[in-house]
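Structure first, commentary second.
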Amino acid sequence: MILLQINQLSKYFGADPILSNIKLEVQTRDKIALVGRNGAGKSTLLKIISGAMSYDSGEIIKPKDVSIGYLAQDTGLESQLSIWNEMNLVFRHLKSMEEDMRSLEQRMATVDPNSETQKFEQLLKEYDKLQVKFKEEGGYQYEADIRSVLHGLGFSSFDPETKISSLSGGQKTRLALGKLLLTKPDLLILDEPTNHLDIETLTWLEQYLQNYPGAILIVSHDRYFLDKIVNQVYEISRNTSTRFIGNYSNYLKQKAENYEKEVKSFERQQEEVAKLKDFIQRNIARASTTKLAQSRRKKLEKMELMSKPLGDEKSANFQFDIERQSGNDVLKATDISVSYNRHHPIISNISFSISRGDSIALVGPNGIGKSTLLKSIVQKLDALTGNFSLGSHVQIGYYDQQQADLTSNKRVLDELWDEYPQQTEKEIRTVLGNFLFSGDDVLKPVSTLSGGEKARLALSKLMLQKANFLILDEPTNHLDLDSKEILENALIDFPGTILFVSHDRYFINRIATKVFELSSHNLTEYLGDYDYFLTKKEEILELERLAEETKNVSQKISSSASEGKLNYQQEKELKKLERQKQRRIEEIEQSISEIEEIIETNEALLCDPSIYQDHEKVQKINIENEQLNSQLEQLMTEWEQLH
């Protein structure tokens, strides 16, 4: 069933076209991503579809009975009610039905079914009909649904009677999302719903939306999130829309393939046109070939000439260099405790070390202290206990997610030039041009810049610093998808060391060689990217579950053995657990064997003169062996625990 059709839609702001000839179709269970760079008109289109904004031409076709739910970017829930009472408002119709059912029950209790049979049967029929409708619309589970959504969005530890007015902006935004999810509209429209969500909450939201029974139209800069959810992508570029089938990664692949095909078709046509023109020019004046030349001319006139394919719109272009290389030991943290307010530590007794060439993602739930830890490393906050020790020649470049230092009334040009006065104006303008500040853009006051512009300006400062140890706090916030990709490529090619905090799992997967998981009293190191980190976490949780089940069964068996009996179910449970354990042992032994073979092969390579004389290859093999040995150690530990 078609829920929504948009045909030839256009929108102008003054004389400037924002959207033109937009086509879009949404069917039941479609999960659609709307992508395009910042300012392309994505949020404008969502507002138009939701009815929050008018349009200038075209048509929007929607059946009358189709319900649409819209969550604008960073919309906070404003209410004087408690969390629980506000969520309950979604189900007012069920509350009313419940009251009607209670009323009917009371009326039936006053009617004698023997003497007033007809009246009683009429009430009973009405009651049955109402009860069926109540059940179909979720009357017996809506409170469980509320609890589930609140738990998923991180409110499980909150008192349900907490007043919404006392919550932070981010918490109000999550509650607005939760309330909308509970309404379950036919078409759910979400503009950047992943803002203010930690990774755990993001994972829950992904699973919820994957199973959502209606259609979804979504704008998000979280590519991992889009890959998990959507099955179509509409790109808004140069005011128009183009449809692609598949998730975000498939869209990128299709887009590149389409562009390549268009370029080849254009080039082939241009070659044919050139040949025809050349033939006409050489033969039109000769009597013997005039007819042939005229035939070619007619063919040329009838040809529908292709326009030259347009590549991507202009993107930022930069790379991070260093002035000098650091020593092998970059940072050592010993027994670190940090706090927001100098009294109550949010992190206690954390120790870790970072080596040259590491690219480390620092992950953990919101509020655990990731940004606070970074601030203490760069001495914007003092650690309560412990100390940080920097290695030789380490120069830190720090990127603050809040761009707290970019609030001045200076012009963009002066903001950068004042910090690097040794550069010429032309050099500063060139750098700013690489970050998409061109023409009069460089004369804007910094305080008037958008979040994305401030992010690009902060990155331009970081680039000119040429530090060999980059500490980045949410560097992809406010960047559009193209700018994120440029930043990723620059960081992948960076010859120094990186420690970063990010909720962007796609970004973590591309950049991280290690993951540090932070908790209040611990920091756990994982060798690998985000997906590897998830896999290892699942393995650890499965091992803990298996150990707990084995312990419980053992206790039951012990108890039964002391009574001199072991029932069939207990024997079956024990055998099942033993089989699971044995399978895992076999998997581990196979992995150990494979890793040992790779290490042996690598060590043989290191004895090859063509390899050991190549410093880069030797370093690459040594890093790989170091990671493999760490995996081997973890597998051996798990193997011993299972035995």
### Task
Using the structure shown, decide if residue 68 is under 30 Å from residue 196 (Cβ atoms) and hydrophobic (A, V, I, L, M, F, W, C).
yes
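May I ask you to list the residues in segment 460-519 that are in a strand (DSSP E or B) and among the hydrophobic types (A, V, I, L, M, F, W, C)? Spell out how you get there, then give the answer.
Kept after step one, since they are in a strand (DSSP E or B), are these residues of segment 460-519: 469-473, 497-501, 514-519.
Matches in segment 460-519: 469, 470, 471, 472, 498, 499, 500, 501, 515, 516, 518.
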### Message
For segment 193-238, which positions are open to solvent by less than 20 Å² (accessible area, probe 1.4 Å), within 14 Å of residue 30 (Cα to Cα) and in a loop (DSSP other than H, G, I, E, B)?
### Response
212, 214, 230
### For residue 504: the one exception among (1) among the acidic types (Asp, Glu); (2) surrounded by fewer than 17 Cβ atoms within 10 Å (Cβ to Cβ); (3) more than 18 Å from residue 355 (Cβ to Cβ)
(2)
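Need at least 1 residues that are touching a His at 6+ places or on another chain (Cβ under 7 Å) and open to solvent by less than 90 Å² (accessible area, probe 1.4 Å) per element, so show me which strands (runs of 3 or more DSSP E) inside segment 291-385 make the cut, counting only ones lying wholly within it.
Values: elements: 329-338, 347-355, 359-363.
So the answer is 347-355.
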### Task
Return the residue satisfying two criteria in turn: it lies in segment 478-490 and is open to solvent by less than 10 Å² (accessible area, probe 1.4 Å) and in contact with a helix residue (DSSP H, G or I) (Cβ under 6 Å, 6 or more places away or on another chain), and of such residues it is nearest to residue 517 (Cα to Cα).
488
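Table: residues versus (1) part of a helix (DSSP H, G or I); (2) more than 30 Å from residue 21 (Cβ to Cβ); (3) open to solvent by 50 Å² or more (accessible area, probe 1.4 Å).
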| residue | (1), (2), (3) |
| --- | --- |
| 241 | no, no, no |
| 244 | no, no, no |
| 249 | yes, no, no |
| 253 | yes, no, yes |
| 262 | yes, no, yes |
| 268 | yes, no, yes |
| 272 | yes, no, yes |
| 275 | yes, yes, yes |
| 280 | yes, yes, no |
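Under the condition of being more than 22 Å from residue 192 (Cα to Cα) and in a helix (DSSP H, G or I), which residue from segment 149-179 is most open to solvent (accessible area, probe 1.4 Å)? Before the answer, list the steps.
Of the residues in segment 149-179, the ones more than 22 Å from residue 192 (Cα to Cα) are 156-163, 165-166.
Imposing the further condition that a residue be in a helix (DSSP H, G or I) reduces the set to 165-166.
Numbers: 165: 58, 166: 84 Å².
Applying the filter and picking the extreme gives 166.
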### Message
Are there strands (runs of 3 or more DSSP E) fully within segment 1-120 with at least 1 residues that are open to solvent by less than 30 Å² (accessible area, probe 1.4 Å), β-branched (Val, Ile, Thr) and touching a residue at least 24 places away in the same chain (Cβ under 8 Å)? List them.
### Response
2-13, 16-27, 31-35
### Task
Kindly indicate the residue of segment 389-402 that is surrounded by 15 or more Cβ atoms within 10 Å (Cβ to Cβ) and over 15 Å from residue 468 (Cα atoms) and also modelled with the lowest pLDDT among those meeting that condition.
401
### Query
If only one of 453, 427 is out of contact with any Phe, Trp or Tyr (no Cβ under 7 Å at 6 or more places or on another chain) and open to solvent by less than 60 Å² (accessible area, probe 1.4 Å), which one is it?
453
### Task
Taking only segment 602-632 into account, find how many residues are open to solvent by less than 80 Å² (accessible area, probe 1.4 Å) and more than 25 Å from residue 359 (Cβ to Cβ).
4
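The values are calculated or read from the model by the stated rules, or taken from the named source; none is laboratory data. Being a predicted model, the structure only gives us computed values, none of them experimental. Here the Cβ is made from the backbone with ideal geometry for all residues, glycine too, and neighbour counts use every protein chain on show. Keep in mind that these areas ignore ligands, DNA and RNA; they rest on the heavy atoms of the full protein, side chains included. Shrake-Rupley method; radii C 1.70, N 1.55, O 1.52, S 1.80 Å.
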